[in-house]
Every structure is written in structure tokens, then in C-alpha cells.
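A short write-up of the structure that comes next.
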Amino acid sequence: MKRLFLAAVLFSFIGNVNAQAEETKINKTERFKHSLGFGAGISTGYGLSYRYFGDKFGAQVNFSPYKDETRVNVSSGVTFLYRLGDIKEYSFYLYQGNHFYFDEHTETQYDYYSDSETTIENKSKFFNHGIGVGLEYVTSDRISFNGMLGYGSQKDFKIISMSVEAGVYFKF
């Protein structure tokens, strides 16, 4: 009888510990580290965006090429991320963005007085850099909205001003 009672107590204790372990597994949310979406910003670039964000460190790449008969336009950016912390569905992080912009296009102007055409070739290329804080809001398990606000340099340090970035991602 003592053995039966001891086995019942031991079995109920083990069952209770397993139930508590399963309960903690259910409450812990899974963090998806990879994201694909669209991003746009002064210091991060704009276009199709891929983001890897681990537990603390991450990186984001934005890229948008465009070419037609008269124009070539490329925006590419690499951003480094550092997670500060989480509160429910919000994540707070620091970012440092680097954006290279290139634009080359031709314009044809017609002068009515001299009855002639003039072709003008315009080229523009520069780097933007920025640093600031970001906020990620995860609406469901897979969709997130990101906003970043900081300070940075634009057009190869010719302008120093605020930097605003945004993105929408599908997490996987």
C-alpha cells in the first residue's frame, strides 16, 4: 500500500512539472529572424528590402534599380541594427544606415527662338548616412511595420539634418 501511495505521489509530481514546462513553452513567442518587404528612407535607401534580425544584432539591405532609354537610377542601402528591448508586440532598436544613390538621365530641350534642340546629360551620385532609434510593431506573427527616426548627413556630408525611415515586412 505504501508503494502504491508513493508511486501515485511521484506520478502526480512528475505530471505537474511537465504541465508547467509545457505551459512555459506555449507562452514563449517564436521570433522570426528573416524578413522580406519594402523599405524607404533617407539614410537606408529605398526599394525591395531584406532584413535579418537575430536576438540582438541585425542587418537590412534595400535595393531598387531602374533603367529605361533616358534614365538609370539606383538606390542601395545597408543598415546595421541593435535591439534594445521588447515590450509585447513592440521592439525598440538602434540603427546606423548607409545609402548610395546614383541617377543619370538625359533631357532634350528645344529652343524655339533658334529652332534647335539641346541635349543635357545630368549625373548625380552621393552617399547618405544616419544613426537613430527604431520601432518595430508586429501586427501578427508574420507582418511588421517599422519606423526609424534619427540624424544624419546627406549628399556626401553637404547637408546635416533629420533622417526618417519606414518599412513593411513579411517575417519568416
Restricting to the stretch 149-172, what's the tally of residues that are part of a strand (DSSP E or B) and in contact with a Leu (Cβ under 8 Å, 6 or more places away or on another chain)? 6
Which listed residue, of Y151, Y169, Y113, is surrounded by 17 or more Cβ atoms within 10 Å (Cβ to Cβ), out of contact with any Pro (no Cβ under 9 Å at 6 or more places or on another chain) and aromatic (F, W, Y): Y169
Name the pairs whose Cβ atoms lie under 7 Å apart, with the first residue in the stretch 73-89 and assigned by TED's automatic domain parsing to the domain that holds E136 and at pLDDT 95 or above, the second surrounded by 15 or more Cβ atoms within 10 Å (Cβ to Cβ) and among the acidic types (D, E), and 6 or more positions between them or separate chains? N73/D103
Answer from S12, S64 - the residue that is in the same structural domain as Q154 (by TED's automatic domain parsing) and either surrounded by 10 or more Cβ atoms within 10 Å (Cβ to Cβ) or modelled with pLDDT under 95 (or both): S64
In the stretch 130-148, the residues that are surrounded by fewer than 19 Cβ atoms within 10 Å (Cβ to Cβ) and either more than 23 Å from Y52 (Cα to Cα) or out of contact with any Leu (no Cβ under 8 Å at 6 or more places or on another chain) (or both): L135, Y137, T139, S140, D141, R142, I143, F145
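The values are calculated or read from the model by the stated rules, or taken from the named source; none is laboratory data. Computed from a predicted model, the values in this text were never measured in an experiment. Here Cβ is always computed from backbone atoms with ideal geometry, including for glycine, and neighbour counts include all displayed protein chains.
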